[in-house]
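The values are calculated or read from the model by the stated rules, or taken from the named source; none is laboratory data. This one's a predicted model, so the numbers in the text were calculated from it and none came from an experiment. Because the Cβ atoms are built from the backbone with ideal geometry, glycine has one as well, and the counts that use them run over all protein chains shown. The accessibility values were calculated without ligands, DNA or RNA, using every heavy atom of the protein model including side chains. Shrake-Rupley method; radii C 1.70, N 1.55, O 1.52, S 1.80 Å.
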Amino acid sequence: MTDSLTIRDNRTGEEHEIEIVDGTIRAADLKKVGGLATYDPGFVNTASCRSAITYIDGEQGILEYRGYPIEQLAEQSSFLEVCYLLLNGELPTSDQLAQWTHDVTHHTFLHENIKSLMTGFRYDAHPMGMTMSSISALSTFYPHASNISDPENRYLQITRMIAKMPTIGAFAYRHSQGKPYIYPDNGLSYCANFLSMLFKMSERDYVADERLVKALEVLFILHADHEQNCSANAVRSVGSSQVDPYSAVAAGVGALYGPLHGGANEAVLKMLRRIGTTDNIPGFIEGVKEGKEKLMGFGHRVYKNYDPRAKIIKKATEDVFEVTGVNPLLKIAQELEKIALEDEYFVSRKLYPNVDFYSGLIYEALQFPPEMFTVLFAIGRTPGWLAQWQELVTDKEQKIARPKQIYTGERQREFVPIDQR
Ligand SMILES: CC(C)(COP(=O)(O)OP(=O)(O)OC[C@H]1O[C@@H](n2cnc3c(N)ncnc32)[C@H](O)[C@@H]1OP(=O)(O)O)[C@@H](O)C(=O)NCCC(=O)NCCS
């Protein structure tokens, strides 16, 4: 074998040949090397699946969904078209898109009891916690969703989830505002309807500015999938037990809720506010270089080049500000970026703006409070989670996720009665 690895076990002097396929070895093959296993906290160098959905080249700054560059999709596609692409592997024909749009639009309403469940949350409940709980509750409204081996049934649940996510997110937002929930308007597009459910007051029809609708489409497209990130992995891990997709996606929402995953754009806003004026930037940068703090919105585990999503968001920022007026923090962000991109510290560490550097500025201009930022991310990411879930349940090679451990605790102790401890 030429595509192979020869491992010499110095404990025994034995040599073992292990096949290399697609730049990987199978961890299970290592068992024959004296029962060897791999140890990889955080899965930094372990592939957990074969996937045909999203391709990332972090060195080159490339992101593709099903082979289509993110730049082309953001510019020319709609979010629902991208959902179809992620789920089906191909761009839809106009008939297919019309059918898909019809199906999603048909399912935007929530059962009234989900609404009652949501009204039961405290007045200050975090909208992300409300979103996670409501999605998980959907599994009790659609018990047939547990029949995951039936493709038609899967399609129905996938359609429902993509349709209902904006309704849940908008209800959660209205709840935090103490405002009445607004029902979907199925005469509107996916994003225009979401804006209506968020911001409609007493007017008969809520008409969102087309430029803001387009910006939201772009933001959702940019967040739609990002291969095996923390939340996709959570969906796959929970889904590997063959539970229904609502429960699996609720796990993904839970993972996204964490500050290391979905919360960085809020941190960027706080940082920009703290810097306050462009005069304070040099002092701030010095502090970062001395290791006192991080430049939030810069750096990425995978991208060692300009995050392609950040470039697109920067452009969308300009379009949104045309409508809403310029967020004064933009000037600080732009100056900060300019200085950082020329500074040896950031250049040598390959630290470039990531997707979160500008997204918080747009969300704020669209009048979202910071607690809603992660909910927006979750709505955009739902097709990605579902595409990953679908790929998982149709992949014959997948098994229930069950990692090994290195046991470091005590062994074989005698039980001590409580009065003798
Ligand atoms: C995203 C992130 C967690 C990636 O971390 P990572 O891949 O583990 O990279 P490391 O932490 O090993 O960073 C490598 C070096 O760059 C530095 N670095 C990384 N991100 C930095 C940042 N945002 N500001 C300043 N220095 C940074 C590290 O201190 C380290 O320097 P050293 O080699 O002198 O020790 C990290 O870049 C970060 O915390 N960024 C800010 C938060 C953020 O924007 N998160 C959103 C990600 S989409």
Legend entry - Failed condition for Asn354, given (1) within 16 Å of the ligand (Cβ to nearest atom); (2) polar (S, T, N, Q); (3) closer than 23 Å to Cys191 by Cα: (3)
Inset, instruction - Check Gln96 against each of (1) touching a residue at least 24 places away in the same chain (Cβ under 8 Å); (2) closer than 19 Å to Ala387 by Cβ and name the one condition it does not meet. - result: (1)
Inset, instruction - Run down Val213, Val218 and say which single residue is buried (at least 22 other Cβ atoms within 10 Å of the Cβ) and away from the ligand (no atom under 16 Å from the Cβ). - result: Val218
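Residue by residue through the stretch 150-200, note down the ones that are of a type in the set (Val, Ile, Thr) and either surrounded by fewer than 23 Cβ atoms within 10 Å (Cβ to Cβ) or in contact (Cβ under 8 Å) with a residue 60 or more places away in the chain (or both). Let's see the steps before the verdict.
Our first condition is that a residue be of a type in the set (Val, Ile, Thr); within the stretch 150-200, this holds for 158-159, 162, 167-168, 182.
Those that are of a type in the set (Val, Ile, Thr) and either surrounded by fewer than 23 Cβ atoms within 10 Å (Cβ to Cβ) or in contact (Cβ under 8 Å) with a residue 60 or more places away in the chain (or both): Ile158, Thr159, Ile162, Ile182.
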Inset, instruction - Would you check if there is a residue in the stretch 240-247 being touching a residue at least 40 places away in the same chain (Cβ under 8 Å), under 23 Å from Lys164 (Cα atoms), assigned to a loop (DSSP other than H, G, I, E, B) and open to solvent by 60 Å² or more (accessible area, probe 1.4 Å)? - result: yes
Legend entry - Output for the stretch 221-239, where each listed residue is within 16 Å of the ligand (Cβ to nearest atom), in a helix (DSSP H, G or I) and open to solvent by less than 30 Å² (accessible area, probe 1.4 Å): Leu222, His223, Ser231, Ala232
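Does Ala251 count as in contact with a helix residue (DSSP H, G or I) (Cβ under 7 Å, 6 or more places away or on another chain), open to solvent by less than 10 Å² (accessible area, probe 1.4 Å) and either away from the ligand (no atom under 16 Å from the Cβ) or in a helix (DSSP H, G or I) (or both)? Walk me through it before giving the result.
Values: in contact with a helix residue (DSSP H, G or I) (Cβ under 7 Å, 6 or more places away or on another chain): yes; open to solvent by less than 10 Å² (accessible area, probe 1.4 Å): no; either away from the ligand (no atom under 16 Å from the Cβ) or in a helix (DSSP H, G or I) (or both): yes.
So Ala251 does not fit the description; no.
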Legend entry - Residue under evaluation Lys396, criteria (1) open to solvent by 10 Å² or more (accessible area, probe 1.4 Å); (2) of a type outside the set (Ser, Thr, Tyr); (3) in contact with a helix residue (DSSP H, G or I) (Cβ under 7 Å, 6 or more places away or on another chain), criterion not met: (3)
Legend entry - Residue among Ala316, Ala310, Ala264 that alone is more than 10 Å from the ligand (Cβ to nearest atom) and open to solvent by less than 30 Å² (accessible area, probe 1.4 Å): Ala316
Inset, instruction - Looking for whichever is within 9 Å of the ligand (Cβ to nearest atom) and either surrounded by fewer than 22 Cβ atoms within 10 Å (Cβ to Cβ) or under 26 Å from the mean Cα position of the chain (by Cα) (or both) here; the options are Lys331, Lys338, Lys294. Which one fits? - result: Lys294
Legend entry - Single condition Gly299 does not satisfy, out of (1) without any contact (Cβ under 8 Å) to a residue 60 or more places away in the chain; (2) farther than 20 Å from Gln228 by Cβ; (3) crowded, with 17+ Cβ neighbours inside 10 Å: (2)
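Please go through the stretch 276-285 and give me each residue that is open to solvent by 10 Å² or more (accessible area, probe 1.4 Å) and either more than 12 Å from the ligand (Cβ to nearest atom) or among the β-branched types (Val, Ile, Thr) (or both), ordered by number.
Within the stretch 276-285, the subset open to solvent by 10 Å² or more (accessible area, probe 1.4 Å) is 276-280, 282-284.
Across the stretch 276-285, the qualifying residues are Gly276, Thr277, Thr278, Asp279, Asn280, Pro282, Gly283.
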Inset, instruction - Considering (1) out of contact with any Pro (no Cβ under 8 Å at 6 or more places or on another chain); (2) more than 9 Å from the ligand (Cβ to nearest atom); (3) open to solvent by less than 30 Å² (accessible area, probe 1.4 Å), say which one Val288 fails and leave the rest. - result: (2)
Legend entry - Hits in the stretch 290-330 (condition: charged (D, E, K, R) and within 23 Å of Glu217 (Cα to Cα)): Asp307, Arg309, Lys311, Lys314, Lys315, Glu318, Asp319, Glu322
Legend entry - All positions within the stretch 129-149 that are open to solvent by 50 Å² or more (accessible area, probe 1.4 Å) and over 21 Å from Ser176 (Cα atoms): Thr140, Phe141, Pro143, His144, Ser146, Asn147, Ser149
Inset, instruction - Output the qualifying pairs, or none if there are none: Cβ atoms under 8 angstrom, residues six or more apart or on different chains, first residue in the stretch 120-149 and touching a residue at least 60 places away in the same chain (Cβ under 8 Å), second residue charged (D, E, K, R) and open to solvent by 50 Å² or more (accessible area, probe 1.4 Å). - result: His126/Glu371; Pro127/Glu371; Met128/Glu371
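Assess whether Asn280 counts as being more than 27 Å from Arg381 (Cα to Cα) and either part of a helix (DSSP H, G or I) or without any contact (Cβ under 8 Å) to a residue 24 or more places away in the chain (or both). Lay out the reasoning, then the answer.
Details: more than 27 Å from Arg381 (Cα to Cα): yes; either part of a helix (DSSP H, G or I) or without any contact (Cβ under 8 Å) to a residue 24 or more places away in the chain (or both): yes.
When the stated conditions are applied, Asn280 passes them.
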